[in-house]
Amino acid sequence: MVKMSATAARIGAANLHERLPVANERDELGALAGVINALLARLDASFEQQRRFMADASHELRTPVAIMRSEAEVALSREERSNQELRESIVIFKDETKRLTGIVEDLFMLARADAGQYKLASKEFYLDEVAGEVARAVRTLVAARGLTLQLDAAEEMPFRGDEHLVRRLLLNLVDNAIKYTPAGGR
């Protein structure tokens with residue numbers, strides 16, 4: 001009983017993997033320790049799910065914020081900019097704020113998916129259009145790193161799937177390529 005109490009008192013968020021010692025599973029104290037250990041296992045799984053969610057959230061939010069920051073820096077870098085250049089920057093900024101809103105919604109979807117409660121939203125869309133949107137969205141990040149991004153997509157590539165997940169997948173792939181390609185690369 002003393003050992004069980006000491007172990008229980010030591011267990012916290014940082015060491016939820018520890019379990020209470022169970023001397024005899026058949027007596028009342030052993031059965032209680034088994035129930036508490038099962039509770040600790042569920043708590044540990046929940047904490048791990050929350051850590052994954054936070055890691056996913058920070059990764060997902062980093063890219064659109066970087067795009068918006070880069071686009072604002074480009075728009076403000078010269079005193080004289082054409083209306084067309086400013087308009088393109090504002091359109092990208094608007095698109096990224098829309099994407100941020102979508103990401104927040106997607107993060108809730110990730111939380112539901114981790115809990116086994118997400119249903120795919122499969123529909124018809126054009127993969128080439130999604131790839132083009134991703135390429136346009138990251139153009140300032142590409143330029144800021146001195147990279148070249150070339151999109152060689154066939155026109156009208158019909159696809160059936162979850163468009164939001166595919167867009168996020170492509171954006172994550174391109175974002176990682178931008179991060180890990182040496183300056184001057186393609």
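The values are calculated or read from the model by the stated rules, or taken from the named source; none is laboratory data. Note that this is a predicted model, so its numbers are computed, not measured. Counting neighbours? That spans all protein chains shown, and the Cβs are built from the backbone with ideal geometry, glycine included. Calculation scope for accessible area: heavy atoms of the full protein, side chains included, ligands and nucleic acids excluded. Shrake-Rupley method; radii C 1.70, N 1.55, O 1.52, S 1.80 Å.
Short-range pairs are left out: with C-alpha atoms under 8 Å and at least six residues apart, the relative contact order of region 23-139 is 26 percent. The chymotrypsin sites (Phe, Trp or Tyr not before Pro) found in region 10-107 include none that occupy coil by DSSP while having at most 16 further C-beta atoms within 10 Å.
3J(HN,Hα) along region 92-100, derived from phi through the Karplus expression 6.51 cos²θ - 1.76 cosθ + 1.60 where θ = phi - 60°, amounts to 4, 4, 4, 4, 5, 5, 5, 5, 4 Hz, with x in place of Gly and Pro. Ranking 90, 11 from most to least accessible surface, computed with a 1.4 Å probe over the protein chains only, gives 90, 11.
Tell me the relative contact order for region 104-167 as a rounded percent, counting alpha carbon contacts under 8 Å between residues six or more apart. Relative contact order for region 104-167 comes out at 45 percent. The Cβ shell under 14 Å around residue 148 holds other residues with a net charge of +2, Lys and Arg each +1, Asp and Glu each -1.
Karplus-based coupling profile of region 147-162, in residue order and whole Hz: 9, 10, 10, 10, 9, 10, 10, 5, 6, 6, 9, x, 8, 10, x, 8, with θ = phi - 60° in 6.51 cos²θ - 1.76 cosθ + 1.60 and x standing for Gly or Pro.
Spread over its residues, the convex hull of the C-alpha atoms of the chain is 172 Å³ per residue. Over the Cα atoms of region 62-139, the radius of gyration divided by the Kirkwood radius equals 1.10; this is the Rg/Rh ratio. With every protein chain in place, what's the accessible area of residue 81 (1.4 Å probe, Å², nearest 10)? About 50 Å², rounded to the nearest 10. Taking all protein chains together and rolling a 1.4 Å probe, residue 10 ends up with roughly 140 Å² accessible. Computed with every protein chain present, the accessible area of residue 98 is close to 150 Å² [probe 1.4 Å]. Largest to smallest in accessible area, the residues 89, 5 fall in the order 5, 89 (1.4 Å probe, all protein chains included). What does the C-alpha gyration tensor say about the overall shape of region 78-186? Classify as rounded when a/c is under 1.5, otherwise prolate if a/b is larger than b/c, or oblate. Prolate, since a/c reaches 1.5 and a/b exceeds b/c.
Charge tally for residue 41 (other residues, Cβ to Cβ under 12 Å; Lys, Arg +1; Asp, Glu -1): -1.
Split the chain at each of the GluC sites (Glu not before Pro) in a DSSP loop with at most 15 other beta carbon atoms within 10 Å, and the longest piece is 81-154.
So what is the diffusion coefficient of region 1-108 in µm² per second by Stokes-Einstein at 10 °C and 1.306 mPa s, using a Kirkwood Rh over Cα pairs?
Here the translational diffusion coefficient equals 87 µm²/s.
Between 157, 68, 109, the Gaussian network model of the chain with springs among Cα atoms under 10 angstrom shows the greatest mean-square fluctuation at 157.
Averaging 1/r across all pairs of distinct Cα atoms in region 133-179 and inverting the result yields a Kirkwood radius of 11.7 Å.
Taking every C-alpha pair closer than 8 Å and separated by at least 6 residues, the mean separation divided by the residue count of region 4-61 gives a relative contact order of 29 percent. Its DSSP H runs of at least 4 residues, each contributing -39,500 (n - 2.57), put the calculated 222 nm mean residue ellipticity of the chain at -23500 deg cm²/dmol, to the nearest 500.
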